[in-house]
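These notes are about the structure you will find just below.
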Amino acid sequence: MKRRRAPRRRRCSSPSASARGALLLASGVVSYFVLRTTYGFLAGMVDLTMNAAGARVERGLGRPVLASMHRAASAGVAPRISCAVVIAALWGCCGGG
């Protein structure tokens, strides 16, 4: 039996990245909550599409791999959070300076 290959991943930027960057530019409480809601919606859409792609890969491979895909996604988020903390500390936001 010939083994099927998983489809190649397409590289694209996350639409939630723009909303995340816009959060830094929020000038008031209302704009912050509007941008935060937009970010939450877009992040949920990214999560939905990642789960759908993972389910498609699982069907193609014939074995469960979704847990390891979630583990890899979390490992990719950890360095970004660390960078955000450093930038926030250097920028003096969050009441630090």
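The values are calculated or read from the model by the stated rules, or taken from the named source; none is laboratory data. For clarity, every value in this text was computed on a predicted model and none was experimentally measured. Heads up, the Cβs are rebuilt from the backbone with ideal geometry, glycines too, and the neighbour counts pull from every protein chain shown.
Where the second residue is in a helix (DSSP H, G or I) and modelled with pLDDT of 80 or more and the first is under 15 Å from V46 (Cα atoms) and lies in segment 70-82, which pairs have Cβ atoms under 9 Å and are six or more apart or on separate chains?
Taking only residues 6 or more apart or on different chains, the pairs are H70/M50; H70/N51; H70/G54; A73/D47; A73/M50.
Do we have R20 as part of a helix (DSSP H, G or I), closer than 21 Å to R80 by Cα and modelled with pLDDT under 80 here? Don't jump to the end; show me each part of the working.
Details: part of a helix (DSSP H, G or I): yes; closer than 21 Å to R80 by Cα: yes; modelled with pLDDT under 80: yes.
Spelling it out, R20 is indeed part of a helix (DSSP H, G or I), closer than 21 Å to R80 by Cα and modelled with pLDDT under 80.
Going by what's in this entry, would L48 be described as modelled with pLDDT of 85 or more, in a helix (DSSP H, G or I), out of contact with any helix residue (DSSP H, G or I) (no Cβ under 8 Å at 6 or more places or on another chain) and aliphatic (A, V, I, L, M)?
On the way: modelled with pLDDT of 85 or more: yes; in a helix (DSSP H, G or I): yes; out of contact with any helix residue (DSSP H, G or I) (no Cβ under 8 Å at 6 or more places or on another chain): yes; aliphatic (A, V, I, L, M): yes.
In short, yes.
Pairs only if they're at least six apart or on different chains, beta carbon under 6 angstrom, first in segment 35-55 and without any contact (Cβ under 8 Å) to a residue 24 or more places away in the chain, second surrounded by 12 or more Cβ atoms within 10 Å (Cβ to Cβ) and outside any helix (DSSP H, G or I); list them, first residue then second.
Close Cβ pairs satisfying both conditions: L35/A26.
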